[in-house]
Amino acid sequence: MLQLPKVVGHRGAMAYAPENTLESFREAHRRGATWVEIDVKLTKEGVPIVMHDSSLKRTTGVDRLASEMAAAELPPSVPTFEQAIACFAELGLGCNVEIKPCEGREAETARVTVATLRKLWPAKLPAPLLSSFRDASLAAAREMAPEFARALLIDEVKDDWQVRAEGVSAVGINTNGKRLTAVRAVEIRKAGYLLSVYTINDGDVARALVGMGVQCVISDAPDVILAALA
(Lines give C-alpha, C1' and ligand atoms only; values in the text may rest on other atoms or scores of the structure.)
Protein backbone atom coordinates (compact mmCIF):
# COMPACT_ATOMS: atom_id res chain seq x y z
CA MET A 1 0.00 0.00 0.00
CA LEU A 2 1.21 3.48 -0.86
CA GLN A 3 2.60 5.40 2.12
CA LEU A 4 2.14 9.15 1.88
CA PRO A 5 3.83 11.64 4.20
CA LYS A 6 1.74 14.01 6.32
CA VAL A 7 2.95 16.99 4.28
CA VAL A 8 3.86 17.36 0.59
CA GLY A 9 5.45 20.50 -0.89
CA HIS A 10 3.18 22.04 -3.54
CA ARG A 11 5.11 22.46 -6.82
CA GLY A 12 8.16 22.34 -4.56
CA ALA A 13 7.88 25.11 -1.99
CA MET A 14 5.95 27.80 -3.86
CA ALA A 15 5.88 30.20 -0.92
CA TYR A 16 9.66 30.54 -1.10
CA ALA A 17 10.84 29.77 -4.64
CA PRO A 18 9.45 29.80 -8.20
CA GLU A 19 7.01 26.92 -8.62
CA ASN A 20 7.93 23.69 -10.40
CA THR A 21 11.64 24.57 -10.57
CA LEU A 22 14.66 22.63 -9.34
CA GLU A 23 15.25 25.55 -6.94
CA SER A 24 11.76 25.05 -5.52
CA PHE A 25 12.30 21.31 -5.01
CA ARG A 26 15.56 22.01 -3.20
CA GLU A 27 13.84 24.63 -1.06
CA ALA A 28 11.10 22.16 -0.12
CA HIS A 29 13.77 19.67 0.91
CA ARG A 30 15.61 22.31 2.96
CA ARG A 31 12.38 23.08 4.77
CA GLY A 32 11.76 19.49 5.78
CA ALA A 33 9.52 18.12 3.03
CA THR A 34 10.16 14.49 2.11
CA TRP A 35 7.83 14.63 -0.92
CA VAL A 36 6.85 17.26 -3.46
CA GLU A 37 3.95 17.58 -5.90
CA ILE A 38 4.69 18.57 -9.50
CA ASP A 39 2.83 19.00 -12.80
CA VAL A 40 3.90 17.24 -15.99
CA LYS A 41 2.88 18.23 -19.51
CA LEU A 42 4.36 17.75 -22.97
CA THR A 43 6.24 20.03 -25.34
CA LYS A 44 5.47 20.21 -29.05
CA GLU A 45 7.59 17.14 -29.80
CA GLY A 46 6.36 15.20 -26.76
CA VAL A 47 9.12 15.81 -24.20
CA PRO A 48 7.69 15.75 -20.65
CA ILE A 49 8.36 18.98 -18.76
CA VAL A 50 7.45 20.30 -15.33
CA MET A 51 4.91 23.08 -15.89
CA HIS A 52 1.45 23.82 -14.51
CA ASP A 53 -0.14 26.23 -16.97
CA SER A 54 -0.77 25.70 -20.68
CA SER A 55 1.14 28.95 -21.30
CA LEU A 56 4.58 29.84 -19.96
CA LYS A 57 3.61 33.50 -19.49
CA ARG A 58 2.69 33.54 -15.77
CA THR A 59 5.75 31.69 -14.54
CA THR A 60 8.45 32.71 -17.06
CA GLY A 61 7.16 35.79 -18.90
CA VAL A 62 7.31 33.91 -22.22
CA ASP A 63 3.92 34.33 -23.88
CA ARG A 64 3.76 30.97 -25.64
CA LEU A 65 2.01 27.66 -25.13
CA ALA A 66 4.11 24.76 -23.86
CA SER A 67 2.50 22.51 -26.47
CA GLU A 68 3.78 24.79 -29.27
CA MET A 69 7.38 24.96 -28.04
CA ALA A 70 10.22 22.54 -28.58
CA ALA A 71 12.11 21.47 -25.47
CA ALA A 72 15.23 23.28 -26.74
CA GLU A 73 13.31 26.59 -26.79
CA LEU A 74 12.23 26.47 -23.15
CA PRO A 75 13.66 28.95 -20.65
CA PRO A 76 16.32 27.36 -18.39
CA SER A 77 13.99 27.70 -15.37
CA VAL A 78 11.59 25.10 -16.82
CA PRO A 79 12.96 21.64 -16.01
CA THR A 80 12.32 18.54 -18.03
CA PHE A 81 10.72 15.69 -16.10
CA GLU A 82 14.02 13.85 -16.48
CA GLN A 83 15.89 16.71 -14.76
CA ALA A 84 13.30 16.78 -11.98
CA ILE A 85 13.68 13.05 -11.35
CA ALA A 86 17.47 13.44 -11.18
CA CYS A 87 16.96 16.20 -8.60
CA PHE A 88 14.65 13.96 -6.53
CA ALA A 89 17.24 11.18 -6.66
CA GLU A 90 19.90 13.59 -5.39
CA LEU A 91 17.67 14.89 -2.57
CA GLY A 92 15.85 11.68 -1.69
CA LEU A 93 12.44 13.21 -2.42
CA GLY A 94 9.26 11.27 -3.12
CA CYS A 95 6.81 12.72 -5.62
CA ASN A 96 3.12 13.13 -6.36
CA VAL A 97 3.24 13.48 -10.15
CA GLU A 98 0.20 15.31 -11.48
CA ILE A 99 -0.48 14.50 -15.12
CA LYS A 100 -1.45 17.93 -16.46
CA PRO A 101 -2.21 17.45 -20.15
CA CYS A 102 -2.87 20.13 -22.70
CA GLU A 103 -6.31 19.73 -24.26
CA GLY A 104 -6.56 16.59 -26.40
CA ARG A 105 -3.30 15.06 -25.11
CA GLU A 106 -4.75 13.33 -22.02
CA ALA A 107 -3.73 9.77 -22.90
CA GLU A 108 -0.48 10.73 -24.63
CA THR A 109 0.73 12.77 -21.65
CA ALA A 110 -0.06 9.91 -19.29
CA ARG A 111 1.76 7.38 -21.45
CA VAL A 112 4.89 9.51 -21.75
CA THR A 113 4.85 10.27 -18.02
CA VAL A 114 4.68 6.62 -16.98
CA ALA A 115 7.21 5.54 -19.60
CA THR A 116 9.63 8.13 -18.17
CA LEU A 117 8.98 6.93 -14.63
CA ARG A 118 9.51 3.31 -15.60
CA LYS A 119 12.80 4.17 -17.23
CA LEU A 120 14.22 6.68 -14.74
CA TRP A 121 12.55 6.51 -11.33
CA PRO A 122 15.18 5.47 -8.77
CA ALA A 123 14.50 2.22 -6.90
CA LYS A 124 15.81 3.84 -3.69
CA LEU A 125 12.95 6.38 -3.66
CA PRO A 126 9.39 5.61 -2.53
CA ALA A 127 7.12 4.69 -5.42
CA PRO A 128 5.52 7.82 -6.92
CA LEU A 129 1.82 8.66 -6.81
CA LEU A 130 0.19 9.65 -10.10
CA SER A 131 -2.71 12.09 -9.91
CA SER A 132 -4.86 13.95 -12.43
CA PHE A 133 -8.10 15.86 -12.83
CA ARG A 134 -8.51 14.01 -16.13
CA ASP A 135 -10.03 10.56 -15.81
CA ALA A 136 -8.76 9.75 -19.33
CA SER A 137 -5.16 10.38 -18.20
CA LEU A 138 -5.48 8.11 -15.18
CA ALA A 139 -7.17 5.41 -17.27
CA ALA A 140 -4.31 5.53 -19.79
CA ALA A 141 -1.75 5.39 -16.96
CA ARG A 142 -3.48 2.36 -15.45
CA GLU A 143 -3.59 0.59 -18.79
CA MET A 144 0.11 1.09 -19.49
CA ALA A 145 1.59 0.97 -15.98
CA PRO A 146 -0.83 -0.48 -13.42
CA GLU A 147 2.02 -0.72 -10.88
CA PHE A 148 1.92 3.05 -10.23
CA ALA A 149 -0.70 4.08 -7.66
CA ARG A 150 -3.24 6.65 -8.85
CA ALA A 151 -5.23 9.39 -7.12
CA LEU A 152 -8.17 11.22 -8.62
CA LEU A 153 -7.97 15.00 -8.32
CA ILE A 154 -11.34 16.60 -7.60
CA ASP A 155 -11.88 20.29 -6.84
CA GLU A 156 -15.15 19.60 -5.04
CA VAL A 157 -16.18 16.11 -3.96
CA LYS A 158 -19.60 15.32 -5.44
CA ASP A 159 -21.84 12.27 -5.31
CA ASP A 160 -20.10 10.60 -8.26
CA TRP A 161 -16.63 10.65 -6.67
CA GLN A 162 -16.46 6.94 -5.93
CA VAL A 163 -17.77 5.85 -9.33
CA ARG A 164 -15.07 8.00 -10.94
CA ALA A 165 -12.38 6.69 -8.58
CA GLU A 166 -13.36 3.09 -9.26
CA GLY A 167 -13.38 3.83 -13.00
CA VAL A 168 -9.64 4.51 -12.94
CA SER A 169 -8.78 2.13 -10.05
CA ALA A 170 -7.61 5.04 -7.90
CA VAL A 171 -6.30 4.39 -4.39
CA GLY A 172 -6.64 8.01 -3.30
CA ILE A 173 -8.62 11.21 -3.59
CA ASN A 174 -6.75 14.53 -3.76
CA THR A 175 -9.16 17.40 -3.22
CA ASN A 176 -9.43 21.10 -2.45
CA GLY A 177 -9.03 21.37 1.31
CA LYS A 178 -11.02 24.61 1.42
CA ARG A 179 -14.10 22.85 -0.01
CA LEU A 180 -13.88 19.49 1.75
CA THR A 181 -16.66 18.79 4.25
CA ALA A 182 -16.31 16.51 7.25
CA VAL A 183 -19.08 14.30 5.85
CA ARG A 184 -17.20 13.76 2.57
CA ALA A 185 -13.91 13.19 4.39
CA VAL A 186 -15.47 10.42 6.50
CA GLU A 187 -17.11 8.92 3.41
CA ILE A 188 -13.80 8.78 1.51
CA ARG A 189 -11.86 7.27 4.39
CA LYS A 190 -14.62 4.74 5.20
CA ALA A 191 -14.51 3.58 1.59
CA GLY A 192 -10.80 2.82 2.06
CA TYR A 193 -9.26 5.64 0.03
CA LEU A 194 -6.21 7.71 0.91
CA LEU A 195 -7.26 11.34 1.40
CA SER A 196 -5.02 14.28 0.51
CA VAL A 197 -5.88 17.97 0.33
CA TYR A 198 -4.42 20.97 -1.49
CA THR A 199 -3.34 23.81 -1.06
CA ILE A 200 -3.30 24.50 2.67
CA ASN A 201 -0.85 27.05 4.07
CA ASP A 202 -2.48 27.73 7.46
CA GLY A 203 -1.45 25.49 10.34
CA ASP A 204 -4.79 25.69 12.17
CA VAL A 205 -6.68 24.74 9.02
CA ALA A 206 -4.31 21.83 8.43
CA ARG A 207 -4.87 20.55 11.98
CA ALA A 208 -8.64 20.77 11.55
CA LEU A 209 -8.47 18.83 8.27
CA VAL A 210 -6.29 16.13 9.81
CA GLY A 211 -8.89 15.94 12.58
CA MET A 212 -11.47 15.21 9.87
CA GLY A 213 -9.43 12.27 8.60
CA VAL A 214 -7.13 13.89 6.02
CA GLN A 215 -3.86 11.97 5.79
CA CYS A 216 -1.75 14.25 3.62
CA VAL A 217 -1.64 18.05 3.29
CA ILE A 218 -0.17 19.59 0.13
CA SER A 219 1.24 23.04 0.94
CA ASP A 220 3.18 25.95 -0.58
CA ALA A 221 4.86 26.30 2.83
CA PRO A 222 5.62 22.71 3.91
CA ASP A 223 7.69 23.86 6.89
CA VAL A 224 4.71 25.78 8.34
CA ILE A 225 2.40 22.76 8.07
CA LEU A 226 5.04 20.33 9.36
CA ALA A 227 5.47 22.53 12.44
CA ALA A 228 1.68 22.76 12.93
CA LEU A 229 1.23 18.99 12.73
CA ALA A 230 4.29 18.07 14.81
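The values are calculated or read from the model by the stated rules, or taken from the named source; none is laboratory data. Predicted model only: the values in this text are computed from it and were never measured. FYI the Cβ positions are ideal-geometry reconstructions off the backbone, even for glycines, and counts take in every protein chain you see. Just so you know, the surface numbers come from the protein's heavy atoms only, side chains and all, with ligands and any DNA or RNA stripped out. Shrake-Rupley method; radii C 1.70, N 1.55, O 1.52, S 1.80 Å.
Which whole-number percent gives the relative contact order of the chain, counting Cα pairs below 8 Å spaced six or more residues apart? Walk me through the intermediate numbers first.
On the way: 477 pairs, mean separation 47.8, N = 230.
This gives 21 percent for the chain.
Measuring with a 1.4 angstrom probe and ignoring ligands and nucleic acids, Glu156 comes out at about 80 Å² accessible. The alpha-carbon of Lys100 sits under 16 angstrom from the alpha-carbons of these lysines, leaving out residues fewer than 8 places away in its chain: Lys41, Lys44. For the chain, the 222 nm mean residue ellipticity estimated from helices alone, with every DSSP H stretch of n ≥ 4 adding -39500 (n - 2.57) and the total spread over all residues, rounds to -10000 deg cm²/dmol.
The base-10 log of I(q)/I(0) for the chain, evaluated at q = 0.09, 0.13, 0.16 Å⁻¹, reads -0.33, -0.72, -1.11 [Debye formula, identical scatterers on Cα atoms, solvent excluded]. In plain terms, the chain from Arg58 to Ala191 could stretch by 44.0 nm, reckoned as 0.36 nm per residue minus the Cα-Cα distance. Met69 sits among other residues whose Cβ lies under 10 Å from its own Cβ, and their net charge, with Lys and Arg +1 and Asp and Glu -1, is -1. Using the alpha-carbon centroid of each, what span in Å lies between the stretch 136-151 and the stretch 50-65? After rounding, the separation between the Cα centres reads 26 Å.
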